[in-house]
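Below is one structure, written out as structure tokens, with a few remarks after it.
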Amino acid sequence: MSPVFPMLTVLSMFYYMCLRRRARTATRGEMNSRRAIESNTRALPINVEIVQYAKEVLDFSSHYGSENSMSYTMWNLAGIPNVYPSSGDFTQTAVFRTYGTWWDRCPSARLPFKRTPSTFCSQDYVELAFEEPVYPTAVHILETYHPGAVVRILACSANPYSQNPPAEVRWEILWSEAPTKVNGPQARQFTPCIKQINFPTNLIRLEVNSSLLDYYTELDAVVLHGVKERPVLSLKTSMIDMNDIDEDEDEEKFGCGMDTLNKQFSVVTLREWPTNGYFDKLPYELIQLILSHLTVPDLCRLAQTCKLLYQHCCDPLQYIHLSLQPYWARINDTSLEYLQSRCTLIQWLNLSWTGNRGAISVSGFSRFLKVCGSELVRLELSCGHFLNETCLEVITEMCPNLQELNLSSCDKIPPQAFNHIAKVGSLKRLILYRTKVEQTALLSILNFCSELQHLSLGSCVMIEDYDLIASMMGAKCKKLRSLDLWRCKNITESGIAELASGCQLLEELDLGWCPTLQSSTGCFTNLARKLPNLQKLFLTANRSVCDTDIEELAANCTHLRQLDILGTRMVSPASLRKLLESCKDLSLLDVSFCSQIDNRVVLELNANFPNVFIKKSFTQ
């Protein structure tokens, strides 16, 4: 072969790399919402690279902002950057609801599910649609405050703008990594080395874990680089972990492919063995204990080895607690059907994030609960967009022992469907964050579910009169220990008085961003005097909180551990010192944007009270 052809290939590759570098180092002003770098008229082996910002935010698990505004909401991720490259706390960015480990240290914290794979650490997610499907070559995430929360980036085969729904929806991990601590809150452009995939995509999903962050992470924009034609050979293979090239191995890391996982659930032909080795000598209970440490896919794999282990792996006692959230992209009706015979004794079930885009049908979910719902005590269905009124009716009929129900961000459930929840009188925990529950249904729930201990109504915008709701809680829910009223728009001092008088066991209360509460009415003083067991109190963005309120908390709520008074203008350093001296268990104090508490005061308080995390946010 002539040496000319290898030389042409090398030159072509060099030219391609130069174009790629030039595209990626372009200034921000040169980056339009869609830009193509095209080849010249010569027949060179290069492709068109398209650079595009997110066109639309399709779905997300939580956000700090209100459902009726743009401030601190996930919708800010659509379009070009609003803030980057500036650093600081800006309302034009996307912010998730939680950060750090504070939410795991309060009375409303839930026990984790066993058997959760160590590789699954995602806490929140957001899904973004782009204009054109491409084979991704890079993903840029513009983080403007406390970066480092993104732990996984995925691509979907489904086109959200296609008129024809796909026969199969496939998700592939482009990049994943355990949470890491980033030094400093400054802005950055995060560009991880992503894996090549074999289908074009215009649907990207970011999953985050904020547990290592000192404050809320803020995201400004996401940029997707890609080509229209599938690359034949990556020019950066030397930079990619060779393990990533094995698609089968990657699918196992992600909880197995859909077909593979379903085959593992199904009954297989097992080879006959004369003996089972030393397993024959072990007590049944000891084998069960050993197997209880396996993840669900590992349990299914082991079941295919021999009849003895098949019997153990399919024993319903192995499925008393089952979390399918780590495998959300692979769970469908077939998966639930295969699991039915194993889950007849199930008590805890986590189907959060599963079933979307038609993966789980109403009939499939209903069939599963009719077989496996009788012993259910805890049911997690966060972000289950397949849920409708029929599903809630089946839950209330088939799960008579249910004590915990999580419907967080199930925003597709119609308002009238929530009336069915009132039939479950044994409920102790109910999470309705970001749902369309209406006042009539909620009053009925409170009237019949008098055992409630934990209730979340954050961002429930369809409730007209929170004072009436608070009055019903005070009258009926005497055992209430935690209550989330985040961003309820119309509760007043009257509702707070009824709540404090009737629910004196309250240990956690979130009144963040409740603009109708005014300190001058005495509502916060009343809270402090009536609720001595308070451990967590969020009065976020209430400008009227004053020294009197802080001093009342110091005098009456000595068990306080977390206090958020972000944004107040009327709290002095002197009252904070009294609080810190009185509340020995205090571990979190957020004084961001408190005009009388400057950085010098924060440094002084930190020096005198080193066990307290005192947060002072900033904007550059």
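The values are calculated or read from the model by the stated rules, or taken from the named source; none is laboratory data. What you see is a predicted model; the values in this text were computed from it and never measured. Here the Cβ is made from the backbone with ideal geometry for all residues, glycine too, and neighbour counts use every protein chain on show. Note: accessible area is taken over every heavy atom of the protein model, side chains too, but ligands, DNA and RNA are not part of it. Shrake-Rupley method; radii C 1.70, N 1.55, O 1.52, S 1.80 Å.
Here are a few things to note about the model shown:
- Sequence-distant lysines (8 or more away, or on other chains) whose Cα lies within less than 23 Å of LYS307: LYS263, LYS281
- Checking every one of the GluC sites (Glu not before Pro) in the range 403-502 against DSSP loop status and a limit of 13 other Cβ atoms within 10 Å picks out GLU464.
- Rg(Cα)/(2.2 N^0.38 Å) for the range 319-463, N = residue count: 0.96
- A straight Cα-to-Cα reach below 25 Å connects LYS536 with the lysines LYS428, LYS476, LYS478, LYS479, LYS489, LYS578, LYS584, LYS615, LYS616, residues fewer than 8 places away in its own chain not being considered.
- Across the chain, the longest run free of exposed loop sites, meaning chymotrypsin sites (Phe, Trp or Tyr not before Pro) lying outside DSSP classes H, G, I, E and B with no more than 16 other Cβ atoms within 10 Å, spans 162-617.
- Gain on full extension, evaluated as 0.36 nm per residue between ALA178 and GLN92 minus their Cα-Cα distance, stands at 28.2 nm.
- Once the mean of 1/r is taken over each pair of separate Cα atoms and inverted, the range 477-619 shows a Kirkwood hydrodynamic radius of 14.9 Å.
- For the chain, the per residue solvent-accessible surface stands at 43 Å², with DNA, RNA and ligands left out and a 1.4 Å probe.
- Cα centroid of the range 398-465 to Cα centroid of the range 47-117, whole Å: 25 Å
- If R0 is taken as 25 Å, the Cβ-Cβ distance between PHE199 and SER361 corresponds to a FRET efficiency of 0.55.
- With the convex hull drawn over the C-alpha atoms of the range 49-227, the volume per residue is 134 Å³.
- In terms of its C-alpha gyration tensor, the range 393-434 has an oblate overall shape, because the principal axis ratio a/c (a ≥ b ≥ c, square roots of the eigenvalues) is not below 1.5 and a/b does not outweigh b/c.
- Lys/Arg +1, Asp/Glu -1 at C-beta; the chain dipole; positive extreme among LEU349, THR137, PRO400: THR137
- Accessible surface of the chain [probe 1.4 Å, protein heavy atoms]: carbon and sulfur percent: 53 percent
- log₁₀ of I(q)/I(0) at q = 0.07, 0.09, 0.11 Å⁻¹ - the chain, Debye sum with one point per alpha carbon: -0.51, -0.82, -1.15
- Bridging of LYS228 to lysines at a Cα separation below 17 Å is possible for LYS195, once same-chain residues fewer than 8 apart are set aside.
- Rounded to the nearest 0.05, the FRET efficiency derived from the C-beta distance between LEU345 and VAL48 at R0 = 60 Å is 0.60.
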